[in-house]
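Below is one structure, written out as C-alpha cells; comments come after it.
The values are calculated or read from the model by the stated rules, or taken from the named source; none is laboratory data. Computed from a prediction, not measured in an experiment: that's the story for all the values here. Cβ sites come from the backbone with ideal geometry, for glycine too, and all protein chains shown count toward neighbours.
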Amino acid sequence: MLDDLAGRSTGDRIKTLRERKGPTRPTLAGLVGMSASWLKDVERGRLLPPRLPILVKLAEALGVGDVALLAGTDMDLGDTASLPPASFTRIPHEAVPAIREAVRAPMLTVPDEPVDLDALISRADHGWRIWHGSRTHRTDVGRVLPALVRDARTAVRLTEGERRRTANAVLSDVYALVQHEIVWAAEPELISVVADRSVSAAHDADRPVSLAGAAWTLAIVQRSMGDLDGAVELVTEAAQLVRPRLEDGSVELRAMYGALLLHAATTSARAGREGDALRYLDEGQAAADRLPRGYHHPWTQFGQSNVDVHAVSVQADLSKSSTAREAAQQIDPNSIPSRERRARLMVETARSYHQRRDHSAALDWLERAYPVCNDSVHYSPHARQMAADVVDHGGPMTDRRARAFAQMLGLPA
C-alpha cells in the first residue's frame, strides 16, 4: 500500500491515482462508461464508493494491478488484501470455446430440412429450466447451448413471414441464455456480440416482449462492464415502450416490465443513487402485485420472491448492511423456485455481514450458498472478493475453512 493513500477515502484514492497517472476526469470516466460529473461526485464523496465491478474497471483504466489500492476507509476490501483485476473480470469455463464457435460461425450454408419451431421453443425453455434448477447450471447449460444456438440461427434462415418472427423471438431468448452463461467467463468482445445479436433478433421478431427481454439482456452486459448510466437509460426506455401495452398484455409482458424496473433499481443502487434505487424497487413491487399469485417469469424469474431478493441486493449495494440483513431475514428461501436466485440471496446476505467486517458470518453464508448453486458463488465477483477477504482478515478461527473455500473457487489461498 502506498503511504500517501493510507487512511484516505475511496474517492480521494481514485483522484490521487488519476492525477498521478495523468488522465483527465472526463477521460477516465469515459473509459469506464460513466460521466465526468459522476466521477467528480465520487472523488468528492458525494456518492457512495463504486461497487466492485466498476472499481475493477477503474483499476484497469488507471493501470493499477491491485483493486485494493482504490478501496479506501469507506469500503470493506481490507487495507492489505491483494485483489488483482483478473481474478474478478474473467473466470474461465470449459463450455465457452464451443459456444464461441457456435456464435461466431459464419453459417454461409444451412441444412435444407425444415425446422421444428415447437421443438426449438421447448428446448430453449428447457435450457432456462436447467439454468434455474441445476446446482452446476453453467456446466449443464453449456452442454446444450452450442447446438441450440446453431439450430436457432438455422431456423431464422429457413423460415418466412410470421414463422420467421417466431424464430427470431426464440433466437433472441437463446442469446439471452448465452449471455447468462458466459458473463464473467468469456472475453468482453464475445459478451457484447451476444447481447447485440439478441437485440437484433428482437428487432426482427418485432414483438414488445422480445424487445424488452433483449434490452434487459444488453443492460446486464452494460452494467457488468461498468456503464451504469447507459444500463439505467436502456431499461427505463424499454419500460416506457412496454408500459402502454400492459393493460391488455400477457402475463409474460407484465413480468418483463417488472424485471426492467428491478434492473433499474439495482443499477441505480450500484451507482450510489439511493432515491432512484428505492423508487424503482417500489415500482417493481407494484408490478409484482399485479401478477398471478406465485408466478415467476421463466428466465428473468420476476415475481414476488425475486422482488424480495432484489430488495436485499439494493440495500447491500447502498452499504446499508443492517437493513439488508433485516430484509433477508424476512425471506423464506424455499419460496424462491430458482436455485440460482436462492444462492444469490445467500451471497447477498454474506455481503451484509462482510460490510460490518463479520468475516465468520460472511463465510458461513457463502458456504451455505455453495451447495445450493455452486456456479452462483464461483462466478460471482462479490463472492470471490469476500472469500479472498476472509482469507486475509478472518483470523485463526476461520483460517482453515476460509483457505479451503477459496481454493474451491480457484483463488490463491
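Here is how the numbers come out for the structure above:
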| quantity | calculated |
| --- | --- |
| Only listed residue being of a type in the set (A, V, I, L, M), modelled with pLDDT under 95, out of contact with any Ser or Thr (no Cβ under 8 Å at 6 or more places or on another chain) and crowded, with 18+ Cβ neighbours inside 10 Å, chosen from ALA311, ALA271, ALA316 | ALA271 |
| Helices (runs of 4 or more DSSP H) lying entirely in segment 339-413 (those with 3 or more residues that are closer than 25 Å to GLU181 by Cβ, of a type outside the set (A, V, I, L, M, F, W, C) and not assigned by TED's automatic domain parsing to the domain that holds VAL56) | 339-354, 359-372, 374-378, 381-393 |
| Residue identified as more than 23 Å from ARG254 (Cα to Cα) and among the charged types (D, E, K, R) among ASP151, ASP173 | ASP151 |
| Yes/no for ALA404 being of a type in the set (A, V, I, L, M, F, W, C) and buried (at least 24 other Cβ atoms within 10 Å of the Cβ) | no |
| Where a residue in segment 172-196 is on the phi > 0 side of the Ramachandran plot and its partner, wherever it lies, is of a type outside the set (Val, Ile, Thr) and assigned to a helix (DSSP H, G or I), with Cβ under 7 Å and at least six apart | TRP184/PRO381 |
| Residue list for segment 188-205, restricted to those being among the acidic types (Asp, Glu) and modelled with pLDDT under 95 | GLU189 |
| Failed condition for PHE302, given (1) part of a helix (DSSP H, G or I); (2) within 30 Å of VAL193 (Cβ to Cβ); (3) within 17 Å of the chain's Cα centre (by Cα); (4) at pLDDT 95 or above | (1) |
| So ALA231, is it at pLDDT below 95, crowded, with 16+ Cβ neighbours inside 10 Å and touching a Lys or Arg at 6+ places or on another chain (Cβ under 7 Å) | yes |
| Segment 118-141 residues that are assigned by TED's automatic domain parsing to the domain that holds VAL156, paired with ones that are exposed (fewer than 15 other Cβ atoms within 10 Å of the Cβ) and assigned to a helix (DSSP H, G or I) (beta carbon under 8 Å, 6 or more apart) | ARG135/PRO371 |
| Segments classed as helices (runs of 4 or more DSSP H), wholly inside segment 1-83, with at least 3 members that are under 20 Å from ARG223 (Cα atoms) and modelled with pLDDT of 80 or more | 25-31, 36-43, 52-61 |
| Test: residue in segment 241-259 that is within 21 Å of ALA316 (Cβ to Cβ) and crowded, with 24+ Cβ neighbours inside 10 Å | yes |
| Flag for ASP112 being surrounded by 22 or more Cβ atoms within 10 Å (Cβ to Cβ) and either more than 23 Å from the chain's Cα centre (by Cα) or assigned to a helix (DSSP H, G or I) (or both) | no |
